[in-house]
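Take this structure, written in structure tokens, and hold onto it; I'll ask about it next.
All of the numbers you see were taken from the coordinates with simple rules; none came from a lab. As the structure is a computational prediction, the values presented were derived from the model and not from experiment. Counting neighbours? That spans all protein chains shown, and the Cβs are built from the backbone with ideal geometry, glycine included.
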Amino acid sequence: MRAAIAHIVDDDAAIRDSLEWLLKSRGVAVRSWESGEAFLGALSAAPRGCVILDVRMEGMSGIEVFDQLLARGFRLPVIFLTGHGEVQMAVAALKRGAFDFVEKPFNDNQLVDRVIEALRRDEVVQHELEAEASVAARLARLSPREREVMDRILAGEANKAIADALDIAVRTVEAHRAHVFEKMEVHSAVELARLVGRRH
Amino acid sequence: MNSPLPSSPLASRAARPIETRDWQWYAPRAAVGLFVVALIGLLWVLHRQEVEENRAAVIRDILWVEQSMRFSLDRDVEQLRQLGEEGLAGRDAAHLEVAVKHLLPNSPGLLEVVLLDERGVPTASAPVPMRPNGGAWPGLDSESDYRLATVTGKAVYSAPTRSMEEEQFAVFVPYYRRGVLAGTVAGVYGLNAMLANLVPWWLAEKHRVTIRDSAGNLLAAKSNVEARGAPELTHQVVLDPPGHGLLLHVESYGSESRLLRYSLTATIVVLACILLWSLRQVRRHVQRRLVTEQELRAEHAFRKSMEDSLDTGMRAVDMKGAIVYVNPAFCRMVGYTESELIGHGPPQEYWPPEEREHIEEVLRAARADGSSGKEIELKLMRRDGERFDALVYDSPLIDADGRQTGWMGSLLDITERKRARERVRQQEQKLAATARLVTMGEMASAIAHELNQPLSAIASYVTGCLNVLQAGGASPAELRSALEKTAQQAQRAGRIIRRVHEFVRKSEPVRTGVHINAVVQEAVSFAEAEARTRRVKIQSQLSPDDPELKADPLLLQEVLLNLLRNGMDAMAATPAEERELKVITERAGQTVTVTVRDRGCGLSPEVQAQLFDPFFTTKPEGMGMGLHICRSIMEVHRGRVWAEQNPGGGTAFSFCLPMIS
């Protein structure tokens, strides 16, 4: 698993530097960006970790950066740093899926706690995404007939009924069933249902 | 009174126009015509009467002439007979001559007496003696008359005959002696001579008296009047004796009285004509006057309606300042009726008592100047005591002779205008105040953000250091770097604070001379809108001498507004009818004190102790800066601000300031 990184986006060098120092002091990997543009420009196809975004910045504001992230479909957890009179803006961002906001001046270790939580959340989300991706890959391996048989198995039909419905021999159904279990990397119908049912 | 303008009673009466009725014009004409006719009728009647009288007089006179002729002739006949009977016949002619000489003067018209003997032969005559070859027969063709006389024995007259230059006639008087015709005495008369003697002069003055024969031929005449044209009247009587169809004729001619009459009549007619003409002239004049009057009335009505519809008040005063004219707008403005105002001298009812001297002085000054149309702003009073601001333009009132009779003034109620101006000004000030607040808010926000950056950084560094120390195994070099950065950030924060200080120092108060009452009134007017919504009554009790200070009026207002708002906040729990703020300005020596009293919850001792500390507040949304700012402003102005218990409950905030020395 790749290391989770906290991205700090703030136009104030002192804030960047001090936050880097603080997060590192708790063992969090950090990467700083001096503007929203620089951060967005450097993002990989599947970024990991979390983002600490200052709302008030020269150039792109924190909210605009957040909008861009949403537009690109990245689900990185975002923590906003807000100043005086910007709380409403932050609340609005929260409703649209931001992870949290912290008002300046902040309680530093609380901020670090929130960052760690955010990183954890990202990991969980990432894990789920990967699981989903592997199920999809397994499903892709099935032949059309095997897919048909699997659907009926998931619908709870017995081998005899499936054979009648598909007008094939029961022995053939059993062979398909064995292939499906093998390709989907499961040992029972219950296990199959748990894996696939989430997608259906 | 020498009223320079039409007084209103006249004006109100002017509405009904005078109608000219035709009969008003025809009646005098008809009267004049009838008068003339009557006069002429009277003259005619008089003339008729005169003519009748004349006629009667003429008849009387002519009868009298005829009678006297008859008497004269009759008497002559007797005397002639006597002459004959006395036996003069046959006696000597001399005796006859004497007798005739006596007879002639008394017998008018008798020219000659001839004696005839019994055979009818003339024997003697007188006064002309008979010629020896025999006397002429008295009268021509008169033997028949002689014979008739001798036969009848009575006197017989012959027909007149022309002899020599005049008509003559004879009378034959036979006489008898002892019953036997003894002879005849003949008298020869001249008609002219007879008329000349018998017609009196006064008759001849007026009339032409003639004797004519039956054919109308003129035989004799007597007249002193010229026969001009036709006679006015004629009359004739039969003249008998001598008979033979002789007529005594009288012609009366119009005398000068007739001329007078004609001229009188003519005069009357001419006068009547003149009368009619002048009547016509008068009528034309009156008609012209009526037309002019009509125009004048229309003009007057137009002006009146214009005056009435005017919003500008108009009033005219005479030289002594007594009102001689006001228009309805003026009456509306001051609330008095026209009759109450007219004739009223200064001071006027609509002058506020406290402004009287000022108004008199201003008016006197403006009028002494003499120039017209000068603009004066006065404070006047309505009947109900309400004061209002009026703009007065006074100009001299000049009558038709060019003499000044007083002053005409137009008044404009500018209270509304002034109020509107005031409102606009207040709006602007409110806007400015809001803008100031917005700016202050933004500045505060900017400062907060600026300060947040280094403060956040410091906190982060320090927390990081603590984390590192706690974890142990930290290298001093690492920590040192972090702490140095912390120090840098602390310096950064210090710089920001210094910048703010510098900024604040730049906005030093602008001190000008201000009247404390004006500042208070302005602040109260600002606060009033808020006070209304919070149902708070604000009462001002201002120092009458309105002290002047050297201060920044905006800052003073800021202080007052703060205190007023605090007062309103303090009374949030007070019953609505008791919510009253009282603002008092007082002067004691060289110090001015302004107090704002509320009837609110009051202050606890511990609150009172921290009242002016920054960020101390008892309000959930308060910043705790208001009273602190007030104290700062007062310190800048060398004054101070304090709070104490209001004797009637609540709190009294006061501030005092030194006056301008």
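State the answer as a single residue: which of B:VAL291, B:LEU397, B:THR593 lies farthest towards the positive end of the charge dipole of chain B, with beta carbon charges of +1 for Lys and Arg and -1 for Asp and Glu, about the Cα centre.
B:THR593
Starting from the 7 Å offset along Cα-to-Cβ, what nm value, one decimal, do you get for the label separation of B:GLN67 and B:TYR262?
3.6 nm
I would also like to ask the following. Under a straight-distance cross-link criterion of Cα-Cα below 20 Å, which aspartates and glutamates are reachable from B:LYS320, leaving out those fewer than 8 residues away in the same chain?
Leaving aside aspartates and glutamates fewer than 8 places away in the same chain, those within reach of B:LYS320 are B:GLU338, B:GLU340, B:GLU349, B:GLU355, B:GLU357, B:GLU360, B:GLU361, B:ASP369, B:ASP394, B:ASP399, B:ASP401.
Okay, moving on. Kindly state, to the nearest 0.05, the FRET efficiency for B:ILE660 paired with B:THR434, given R0 = 41 Å and r defined as their beta-carbon distance.
The formula returns an efficiency of 0.85 here.
What is the distance, in nm, between label points placed 7 Å from the Cα along the Cα-to-Cβ direction at B:LYS418 and at B:ALA477?
Those two pseudo-labels are separated by 8.4 nm.
Could I ask something else about it? Tell me the mean residue ellipticity at 222 nm calculated for chain B from its helices only (DSSP H runs of n ≥ 4, each -39500 (n - 2.57), averaged over every residue, nearest 500).
-17000 deg cm²/dmol
If you don't mind, another one. Taking 7 Å along the Cα-to-C-beta vector as the label spot, tell me the A:ARG31-B:ASP545 distance in nanometres, rounded to one decimal.
Label at A:ARG31, label at B:ASP545, 8.0 nm between them.
So, with +1 on the Cβ of K and R and -1 on the Cβ of D and E, and no other charges, what is the size of the charge dipole of the protein assembly as shown about its Cα centre, to the nearest 20 debye?
In total the dipole reaches around 1400 debye.
Which ordering of B:HIS235, B:HIS285, B:HIS637 is given by a fewest-first count of other beta-carbon atoms within 10 Å?
By the 10 Å Cβ count, ascending, the order reads B:HIS285, B:HIS235, B:HIS637.
Set Lys and Arg Cβ to +1 and Asp and Glu Cβ to -1, take the dipole of chain B about its Cα centre, and tell me which of B:ALA220, B:GLN427, B:THR463 lies farthest positive.
B:THR463
So how far, in whole Å, is the C-alpha centre of the stretch B:646-661 from the one of the stretch A:1-54?
That distance is 58 Å.
Treating only the Cβ atoms of Lys and Arg (+1) and Asp and Glu (-1) as charged, compute the dipole magnitude of the stretch A:5-128 about its Cα centre; round to the nearest 20 debye.
Roughly 420 debye, rounded to the nearest 20.
In addition: Relative contact order of chain A, please, whole-number percent, based on alpha carbon pairs below 8 angstrom and at least 6 residues apart.
Reported as a whole number, the value is 15 percent.
Averaging the inverse of every distinct alpha carbon separation and then flipping it gives the Kirkwood radius. What is it for chain B, in angstrom units?
The Cα-based Kirkwood calculation yields 40.6 Å.
Given the convex hull of the Cα atoms of the stretch A:5-128, what is a quarter of its surface area in nm²?
Mean projected area for the stretch A:5-128: 7.0 nm², to one decimal.
List the lysines whose Cα sits under 23 Å from the Cα of B:LYS222, skipping any in the same chain fewer than 8 residues away.
Cross-link targets: B:LYS206.
Give, as ranges by residue number, the residues of the stretch A:22-62 whose backbone N falls under 17 Å from the point 7 Å along Cα→Cβ of A:VAL125.
A:40, A:43-54
Restricting to DSSP loop positions (anything but H, G, I, E, B) with no more than 11 other Cβ atoms inside 10 Å of their own Cβ, which trypsin sites (Lys or Arg not before Pro) remain in the stretch A:161-200?
Here the trypsin sites (Lys or Arg not before Pro) that fit, given the DSSP loop and packing criteria, are A:ARG198, A:ARG199.
Follow-up question, since we're still on this one. Quantify how much of the Cα-Cα distance distribution of the stretch B:46-252 extends past 20 Å, in percent.
Tail fraction, whole percent: 57.
Please work out the ratio of the alpha-carbon Rg of the protein assembly as shown to 2.2 N^0.38 Å and round it to two decimals.
Taking the Cα Rg and dividing by 2.2 N^0.38 Å, one obtains 2.70.
Rounded to the nearest 0.05, what FRET efficiency do B:VAL269 and B:GLU78 have when you use their Cβ-Cβ distance and R0 = 56 Å?
In this case the efficiency is close to 0.40.
Next up: Could you tell me which of B:VAL636, B:PRO658, B:PHE612 has its Cα farthest along the dipole of the stretch B:597-661 towards the positive end, charges placed at Cβ (Lys, Arg +1; Asp, Glu -1), taken about the Cα centre?
B:PRO658
So if we plug the beta-carbon distance of A:VAL190 and A:ARG96 into 1/(1 + (r/R0)^6) with R0 = 41 Å, what FRET efficiency do we get, rounded to 0.05?
0.60
For the stretch B:421-506, with only Lys/Arg (+1) and Asp/Glu (-1) charged at the beta-carbon, what is the dipole magnitude about the Cα centre, in debye rounded to 20?
560 debye
Roughly speaking, what is the stretch gain from B:VAL500 to B:GLU360, that is 0.36 nm per residue apart minus the C-alpha to C-alpha distance, in nm to one decimal?
Result for the pair: 44.7 nm of gain on full extension.
If neighbour count is taken as other Cβ atoms inside 10 Å, put B:ARG597, B:ARG212 in order from fewest to most.
The most exposed by this proxy come first: B:ARG212, B:ARG597.
Additional query: Starting with the fewest neighbours, write out A:ARG31, B:ARG367 ranked by other beta-carbon atoms found within 10 Å of each beta-carbon.
Taking fewest neighbouring Cβ atoms as first place, the list is A:ARG31, B:ARG367.
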